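Please read the structure below before turning to the comments.
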Amino acid sequence: MASLRDIKSRITSTKKTSQITKAMEMVSAAKLNRAENNAKAFGPYMEKIQEVVASIANGSTDVSHPMLESRPVKKTGYLVITSDRGLAGAFNSSVLRAVYQTIQKRHKSNDEFVIIAIGKMGRDFFKKRGMNVISEITGIGDETSFASIKDIASGAVNMFADGSYDELYLYYNHFVSAIQQDVTEKKLLPLSGISSSKGLTSYEFEPNQEEILEVLLPQYAESLIYGALLDSKASEHAARMTAMKNATDNAKELINGLTLTYNRARQAAITQEITEIVGGAAALE
């Protein structure tokens, strides 16, 4: 049985841990609020650019673009968004498990796919397993700007355009609520079946639809990546907030249990001392 000193030391260390997890929970709650607002603020832009692209792509049968056309699939790209840090519950493991299982099911060798990793946790996961990570970015802050991921987003689109892969899938955690984040797979390229919730709107284009698409489609694909990253950031903070709350609650339960054990052990020790004193006094009589 542990000594009173050992139990007391464990209670003290657990209290300090609970203070840390409580502080991390509060920080994540504040970051979640900002991240959720950022994701919502990006929504109107995405709706408008999707409306314009859908109007061009679906409104005319004469318009074509390589990013809209499917081709025989020889190699598949996977763009995976994770975080740079852990302590976020199943946030990283759930999306990495989904990607890994999908790759195992669809492909027989590493030559059939490539991986683009956003986030240190995903990059390390795939590299440790010898999987083909062709592009990566880490160290993205909580206040994510489009400029910070512009290179990797445009690179992902350009690699599809030059034939490095024939389709590109996007994997990330979609923010539903503070307690629910869903792993999401989205076929990013080719851009097929684009639709707008507001229906098709008639636009006049200058100089012409083909030249507008040449500029707009890469921007649209890059915006999808950026929007998924904002969504993932909100999910990350929500998952970390929940994980730290659970850790704090578990620490409190452990402290209560240890305190009860300490009091019982202390009471037993006092009873033993009294018994010895009484026994010694009786022996002297």
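The values are calculated or read from the model by the stated rules, or taken from the named source; none is laboratory data. Worth saying up front: this structure is predicted, and the values here are computed from it rather than measured. Quick reminder, even Gly has a Cβ in these numbers, built from the backbone with ideal geometry, and neighbours come from all protein chains shown.
Numbers at a glance
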item: Arg97 vs. criteria in contact with a helix residue (DSSP H, G or I) (Cβ under 9 Å, 6 or more places away or on another chain) and surrounded by fewer than 18 Cβ atoms within 10 Å (Cβ to Cβ); result: no
item: Residue ID - modelled with the lowest pLDDT, chosen from residues in region 220-257 that are among the polar types (S, T, N, Q) and in contact with a helix residue (DSSP H, G or I) (Cβ under 7 Å, 6 or more places away or on another chain); result: Ser223
item: Any hit, region 64-85, residues being within 24 Å of the chain's Cα centre (by Cα), in a helix (DSSP H, G or I) and under 18 Å from Arg240 (Cβ atoms); result: no
item: Hey, Asp162 exposed (fewer than 15 other Cβ atoms within 10 Å of the Cβ), over 20 Å from the mean Cα position of the chain (by Cα) and over 24 Å from Leu32 (Cβ atoms) or not; result: yes
item: Residue within region 197-206 that is of a type in the set (Gly, Ala, Ser) and at pLDDT 80 or above present; result: no
item: Count - residues of region 103-143 that are surrounded by fewer than 17 Cβ atoms within 10 Å (Cβ to Cβ), in contact with a Phe, Trp or Tyr (Cβ under 8 Å, 6 or more places away or on another chain) and assigned to a helix (DSSP H, G or I); result: 1
item: All positions within region 252-271 that are touching a Lys or Arg at 6+ places or on another chain (Cβ under 8 Å) and either under 20 Å from Arg85 (Cβ atoms) or of a type in the set (Val, Ile, Thr) (or both); result: Ile255
item: Candidate set from region 1-19 (those that are touching a residue at least 60 places away in the same chain (Cβ under 8 Å) and β-branched (Val, Ile, Thr)); member that is surrounded by the fewest Cβ atoms within 10 Å (Cβ to Cβ); result: Thr17
item: Filter result for Ala30 (at pLDDT 85 or above and touching a strand residue (DSSP E or B) at 6+ places or on another chain (Cβ under 7 Å)); result: no
item: Near pairs, Cβ below 7 angstrom, 6+ apart or cross-chain, from region 160-185 (over 20 Å from Glu236 (Cα atoms)) to any residue that is part of a loop (DSSP other than H, G, I, E, B); result: Tyr165/Lys75; Asp166/Arg71; Asp166/Pro72; Asp166/Val73; Asp166/Lys74; Asp166/Lys75; Glu167/Val73; Glu167/Pro190
item: Residue selected from region 72-94 under the condition touching a Leu at 6+ places or on another chain (Cβ under 8 Å) and of a type in the set (Ser, Thr, Tyr), by the criterion surrounded by the most Cβ atoms within 10 Å (Cβ to Cβ); result: Thr82
item: Meets criteria (at pLDDT 85 or above, within 21 Å of Ile179 (Cα to Cα) and out of contact with any Cys (no Cβ under 7 Å at 6 or more places or on another chain)) for Val114; result: no
item: Tally, over region 165-194, of residues that are surrounded by 16 or more Cβ atoms within 10 Å (Cβ to Cβ), more than 25 Å from Phe91 (Cβ to Cβ) and not hydrophobic (A, V, I, L, M, F, W, C); result: 4
item: Among the residues listed as Thr248, Thr271, Thr242, the single one being more than 21 Å from Met24 (Cβ to Cβ), part of a helix (DSSP H, G or I) and of a type in the set (Ser, Thr, Tyr); result: Thr271
item: Hits in region 235-285 (condition: acidic (Asp, Glu) and touching a residue at least 24 places away in the same chain (Cβ under 8 Å)); result: Glu236
item: Residue in region 116-129 that is in contact with a helix residue (DSSP H, G or I) (Cβ under 6 Å, 6 or more places away or on another chain) and touching a residue at least 60 places away in the same chain (Cβ under 8 Å) present; result: no
item: Among (1) at negative phi; (2) over 20 Å from the mean Cα position of the chain (by Cα) - the single one Gly130 does not satisfy; result: (1)
item: Any hit, region 109-118, residues being under 21 Å from Lys31 (Cβ atoms) and not aromatic (Phe, Trp, Tyr); result: yes
